[in-house]
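Q: Following this message is one structure expressed as structure tokens.
The values are calculated or read from the model by the stated rules, or taken from the named source; none is laboratory data. Please read these numbers as outputs of a predicted model, since none were measured by experiment. Cβ sites come from the backbone with ideal geometry, for glycine too, and all protein chains shown count toward neighbours.
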Amino acid sequence: MIQAIRVRSQTPRYRWRIVAGGGLVLACIHTLLLHRLKLGDFTPDLYAVFALYLGLFASRQGRYVPCLVLGLIRDFFSIGLIGSYAVLFSLLHKAAGRARRKLDPDKLLNVFIMCLIGTFLVNFGYHGMLVISGYGVGWSRALVRCASIAAASAPVAVLVYPLAHMCLHRLGVGRSGGYWNI
Amino acid sequence: MRRPQEKLSLAWLLRHPLVATCILLALTIVLPYLRVGERLKLLTFLPLAHASSDVSETPYEELSEDERVRVDLQRERERVSELTAENSRLLQSLKDANSLSGSDFAKSPMPPAVNAQVIFHGDSSSWRSSCWINRGREAGIEEGMPVVAGRTLIGRVFMVGDNEACVQLVSDPGFACSCLIVDPDNPNEVAADRVRGVLRGDGSAMPLFPRLELEDVAVGAEVKPGMHVITNDYSGQFPLGLTVGVVRETIPQAGFLEVRIEASLDLSTLEVVQVLQHKRPEIEEQALALLKKK
């Protein structure tokens, strides 16, 4: 108990370095690498995977604003409207918080399911914003694309989340009640 | 117990980031003419673009011997790439002229062009398609100018910095362009009988990239696979006769035909492109041009 209180009271040292560094690395991966792999619609949405990780495992203060900032970073490297992904990732963190109460995120099957649903909803929401701007690609096609992106992202989450836990542990970030102090 | 009423201030907005973002989003929508979002994005991209374009800021005379050799080499490389681009453009024009022989499109004059290298491919969103080029306002590039490779349409300039510009590719869902469908086997086709439509991208990714569609084609229009799709100067945004692709299939929908197009170029492999210095004419100029045609 005392240990948990001590972990929570520590000032997070890596929060902004993780969010800003991660956001920029993902921007490079998305703009320079992923399009060369010729994955078609099965291109994983790494930003959504990262935002979901923050939503599921970050401390109370390390979820909302970091998800928002991550979304803004993504918006800056895209020609879409600024704030689109920021709003979507903020909502994703809310949904992740709700899902965490029902499903244990330390089980990989649960991570798979949550990532599948989370990335689907983020992309579906983004298409909704495109539709509002008059740039929709058709709902049936959008559904197929969202499902393809979600199907590609969920296995990535299963692979990456344990690695992320390991990295945070190595960095000496405290963990209490299943939440990392970031 | 009544909660103390909170004042709407910057501190309050910082504590409610979702509200702040919604306001930001609304501002970006409401103030499209100021293009706040685009300007902000341009600022973030400037350091990256400068790093990639290898433009030396130091005057040539102050450079050391090694640096001068490097700068000379860089200039020679740029010259070679420009000549290569021009060569490929001329070859492409020749190819297009042969494929559309007999029609007047291949002979239609092309506006002057600025060669540019592609710095970044891709977009951080899986739904959008864009790339960055290393030429900007200083080279005479303005927003909305068409971007081509040879005589093939690639996109249009979306935002411009001093030495860099963002190009919205034809496969982006926000891209729209008036097009004509031309039958290469029937060079004597009457202009009034040509099928018209609006080209729209769907942000598709490879290997289906770019998958394009022509919308608003009237039902009953005679469209066959293998027909050529070229730009129309109806809106004045793009010059007449830029190649877009070849008709792959037609799907009848309620009230119109959906025409799927095989694009002429793989946009992911582009290295050098040309920005056509073509300006959209004013509405009065367009009206006069239409009157002259009639």
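Q: Restricting to the range A:30-76, count the residues that are under 22 Å from A:Gly128 (Cβ atoms), within 11 Å of the chain's Cα centre (by Cα) and not in a loop (DSSP other than H, G, I, E, B).
A: 12
Q: Is it true that A:Cys115 is facing chain B (nearest Cβ under 10 Å), surrounded by 24 or more Cβ atoms within 10 Å (Cβ to Cβ) and either in contact (Cβ under 8 Å) with a residue 40 or more places away in the chain or under 24 Å from A:Pro155 (Cα atoms) (or both)?
A: Working: facing chain B (nearest Cβ under 10 Å): no; surrounded by 24 or more Cβ atoms within 10 Å (Cβ to Cβ): yes; either in contact (Cβ under 8 Å) with a residue 40 or more places away in the chain or under 24 Å from A:Pro155 (Cα atoms) (or both): yes.
So A:Cys115 does not fit the description; no.
Q: If you don't mind, there's one more thing I want to ask. Restricting attention to the range B:115-140, which residues are away from chain A (no Cβ under 14 Å), of a type outside the set (Asp, Glu) and either more than 22 Å from B:Thr243 (Cα to Cα) or surrounded by fewer than 24 Cβ atoms within 10 Å (Cβ to Cβ) (or both)?
A: So in the range B:115-140, the residues away from chain A (no Cβ under 14 Å) come out as B:115-117, B:134-140.
Right, trim to of a type outside the set (Asp, Glu) and you get B:115-117, B:134-137, B:139-140.
Across the range B:115-140, the qualifying residues are B:Asn115, B:Gln117, B:Asn134, B:Arg135, B:Gly136, B:Arg137, B:Ala139, B:Gly140.
Q: Right, another one. Restricting attention to the range A:77-87, which residues are in a helix (DSSP H, G or I) and in contact (Cβ under 8 Å) with a residue 40 or more places away in the chain? Step through it out loud before you land on a result.
A: Restricting attention to the range A:77-87, the residues satisfying the condition of being in a helix (DSSP H, G or I) are A:84-87.
Listed by number, the residues that qualify are A:Ser84, A:Tyr85.
Q: Among (1) more than 18 Å from B:Leu18 (Cα to Cα); (2) more than 7 Å from every other protein chain (Cβ to nearest Cβ); (3) in contact with a Gly (Cβ under 6 Å, 6 or more places away or on another chain), where does A:Phe42 come up short?
A: Going through (1) more than 18 Å from B:Leu18 (Cα to Cα); (2) more than 7 Å from every other protein chain (Cβ to nearest Cβ); (3) in contact with a Gly (Cβ under 6 Å, 6 or more places away or on another chain) one by one, A:Phe42 breaks only (3).
Q: Out of B:Ile230, B:Ile251, report the one residue that is closer than 30 Å to A:Arg36 by Cα and either at pLDDT 80 or above or within 14 Å of the chain's Cα centre (by Cα) (or both).
A: Details: B:Ile251 fails: closer than 30 Å to A:Arg36 by Cα.
The conditions single out B:Ile230.
Q: Which members of the range A:20-65 meet the condition of being among the acidic types (Asp, Glu) and crowded, with 24+ Cβ neighbours inside 10 Å?
A: Pass one, the range A:20-65, residues among the acidic types (Asp, Glu): A:41, A:45.
Of everything in the range A:20-65, just one residue is among the acidic types (Asp, Glu) and crowded, with 24+ Cβ neighbours inside 10 Å, namely A:Asp45.
Q: Could I ask something else about it? Checking the condition within 14 Å of another protein chain (Cβ to nearest Cβ) and either more than 21 Å from the chain's Cα centre (by Cα) or within 30 Å of A:Arg60 (Cβ to Cβ) (or both), which residue from A:Arg141, A:Arg175, A:Arg145, A:Arg170 passes?
A: Unique residue meeting the criteria: A:Arg141.
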